[in-house]
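Here, each number is a calculation from the coordinates, and none is a lab measurement. Worth saying up front: this structure is predicted, and the values here are computed from it rather than measured. Because the Cβ atoms are built from the backbone with ideal geometry, glycine has one as well, and the counts that use them run over all protein chains shown.
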């Protein structure tokens, strides 16, 4: 599918694939997410969305490591969850899969969030989520 409104930042790229409110994320290769990087990612996303709430599909495959402090910030409604209506995580990397599933179980985000290994399943879930919130 064609990437629309593609914008690349130092740590993350964003785009849309349809005229919908789903924002696609792809992190820079082997990204190490500490507190500064986490804040930079959130600032970039808020700039990209112009502060408008959005559903997200986050390709987590490139992430090398996330510090505890960064995880807590990313799970905070006034931090990383600000402006996110629901989030689908996508990866086919075994280590990342374990990390995301553990994160979802332990941190229990205050927004709907789910892990997927297939993009079409993630998009279907986000579509159902959007329909149920209308």
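Values computed for the structure shown
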quantity: At R0 = 22 Å, FRET efficiency that the Cβ-Cβ distance of residue 114 and residue 10 yields, to 0.05; calculated: 0.20
quantity: Estimated 222 nm signal from helices in the chain, with DSSP H stretches of n ≥ 4 weighted -39500 (n - 2.57), rounded to 500; calculated: -11500 deg cm²/dmol
quantity: Per-pair calculated FRET efficiency, R0 = 25 Å: residue 133 and residue 3 via Cβ, rounded to 0.05; calculated: 0.50
quantity: Where Rh is the Kirkwood radius over Cα pairs, Rg/Rh for the stretch 7-94; calculated: 0.93
quantity: Between the stretch 100-133 and the stretch 38-73, the alpha-carbon center distance in angstrom; calculated: 15
quantity: Fewest-first ranking of 16, 52, using other Cβ atoms within 10 Å as the exposure measure; calculated: 52, 16
quantity: Packing rank of 125-132, 23-30, 81-88, where each peptide gets the mean count of other beta carbons within 10 Å, highest leading; calculated: 81-88, 23-30, 125-132
